[in-house]
Structure formats: structure tokens, C-alpha cells
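Readers should treat all values here as calculations from the given coordinates under stated rules, not as data from a laboratory. Computed from a prediction, not measured in an experiment: that's the story for all the values here. Positions of Cβ are generated from backbone atoms using ideal geometry, with glycine treated the same way; all protein chains shown enter the neighbour counts.
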There are 2 protein chains.
Amino acid sequence: MSAPNLDMMFQALADPSRRAMVERLSRGPASVSQLAEPLAMSLPAVVQHLQVLEASGLVATQKIGRVRSCSLHAPAMCIAEQWINDRRTEWQRRLDRLGDYLDATNDDLEPETNR
Amino acid sequence: MSAPNLDMMFQALADPSRRAMVERLSRGPASVSQLAEPLAMSLPAVVQHLQVLEASGLVATQKIGRVRSCSLHAPAMCIAEQWINDRRTEWQRRLDRLGDYLDATNDDLEPETNR
């Protein structure tokens, strides 16, 4: 399995069929045919999507006998989630600081308006 | 600004230059030239990336006089983050249930091994 790579992870999640596969795998490992079942596409198309997910590090596959078992690789999901979270919380922190500043400015102004 | 769309949001985040722009905007609004400054690319290329970010709903832009001001649209960031989080926590829940099951099976077996 490749090392997690943000470009490839977000690219992998940018497709609704691949997100449906991730959603299915979040409920437990599945074979390629089980993954294909609810999707309206050929098995080779499913395999191609699976390869994108595997290359991104979000999904791991393992061949057991003649069946390829697919499972979610949660640490990679964590990395993608954390990247968005870090940006969003930085933005929130900045907004809170701005709020504090505006409150302080307001407090400074209030006595003057009461004079 | 377009309504948030997971395909477009993840697609937008799949590029390192666009992630650098989101990272810059998480520290506060910026003009297009300010966004372009640290990036080794032409202004038209920056504008093109900005259009992808804007179409995805992750970034909002507003023309004030002759300057286009760009800012992060945190609710869209939330939606992308939440999608990954929901899948990851579902996977974790399943793993915890499996752990509980294995613990219970182990407890059932232990008296037998002590016989």
C-alpha cells in the first residue's frame, strides 16, 4: 500500500462511486464483488476505482485464496480529515480573536458615548 | 457562490497549490495578488485555481472597488470534514463492537482453558 498522499486522497474522494465504496467499507471489509453489487457499473470499472482508492492509501486490499478482500485504512482517513480540521480551526481561532478585539473596542467606546 | 458539492470540494483540495491557498486563507482574507505572492505561478493560473475553489464553495470572493477579496467559507470545509469523520467513526464503532465480541468470546473460553 502506498504512503498516504493528500493529493491522491482528496482525488480519490472526489468521485461519488469511490465515496460509495468507502461508505460500504466503513461498515466492514468486503470482496470486490460485494463492493460492485450496489454500483451500476462493470467489474473492471469497479476494479479501476478500487485501484485509485488503494493508491491513495484510503483502502487496503488483501488476496485471500481467490478472493480479494478490501478494507478501510482509517489512519489515512484521519490524515485527510485532520488537514481540513487544522485549516478550519485556524480560521475559527482568527474569527474568535477578531470577535474579542471588536468586543474590547466596543467596551472602550461605550464610556465615551455615555459622557 | 455555488452550493457545497462533495465532488467539487474534494477535487478542489486535491491540488497542492489550491491547498496552499486554503491554508493562506485560514489565516484571514486576502486579495488575489496576496494569494499569488508565495506561489511560483502566473496570476492567470492563480485565478484559475481560485475559480475551482470558488465553484466548490470552499472559498468566497468579493470585489471591493478594484480589489477582489478572497475568504475561506468555513461551513463548506465543515461539510467535507464531516463526510470523512462520519465514515471513520462508523469504521471505529464497528472495530469496537468486534473488540467487545472478541473479549466476550475470550471470557467464555478462559474457564475452559483453566479446567
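With the helix formula -39500 (n - 2.57) applied to DSSP H stretches of n ≥ 4, chain B reaches a computed 222 nm mean residue ellipticity of -22500 deg cm²/dmol.
Each Lys or Arg adds one and each Asp or Glu takes one away; over the other residues whose Cβ falls under 13 Å from the Cβ of B:LEU53, this sums to +2.
Distance from the axis that maps chain B onto chain A is least for the Cβ of the chain B residue given, with the whole Å value, as B:PHE10, 2.
Taking a sphere under 12 Å around the Cβ of A:LEU25 and counting the other residues whose Cβ falls inside, with K and R at +1 and D and E at -1, yields a net charge of +4.
Using C-alpha pairs under 8 Å with a sequence gap of at least 6, the mean separation divided by the residue count of chain B gives a relative contact order of 29 percent.
Computed from Cα atoms, the angle from the helix B:16-26 axis to the main principal axis of chain B rounds to 80 degrees.
For the protein assembly as shown, the percent of C-alpha pairs falling in each 5 Å distance bin, counted from 0 to the bin holding the largest distance, reads 1, 6, 12, 14, 14, 12, 10, 9, 7, 5, 4, 3, 2, 1, 1, 0, 0, 0. With a cut-off of 11 Å between beta carbons, the residues surrounding A:HIS73 carry a summed charge of 0, where Lys and Arg count +1 and Asp and Glu -1. Per-residue Karplus couplings for region A:74-81, computed as 6.51 cos²θ - 1.76 cosθ + 1.60 with θ equal to phi - 60°, are listed in order as 4, x, 5, 4, 4, 4, 5, 4 Hz, Gly and Pro entered as x. Of the three principal axes defined by the Cα atoms of chain B, the extents in descending order read 84, 28, 22 Å.
Gyration tensor analysis over the Cα atoms of region B:6-72 returns equivalent ellipsoid semi-axes of 17, 13, 11 Å (largest first, whole Å). A P(r) calculated from all alpha carbon pairs of region B:1-45, with 5 Å bins opening at zero, reads 5, 19, 26, 25, 18, 6, 0 percent.
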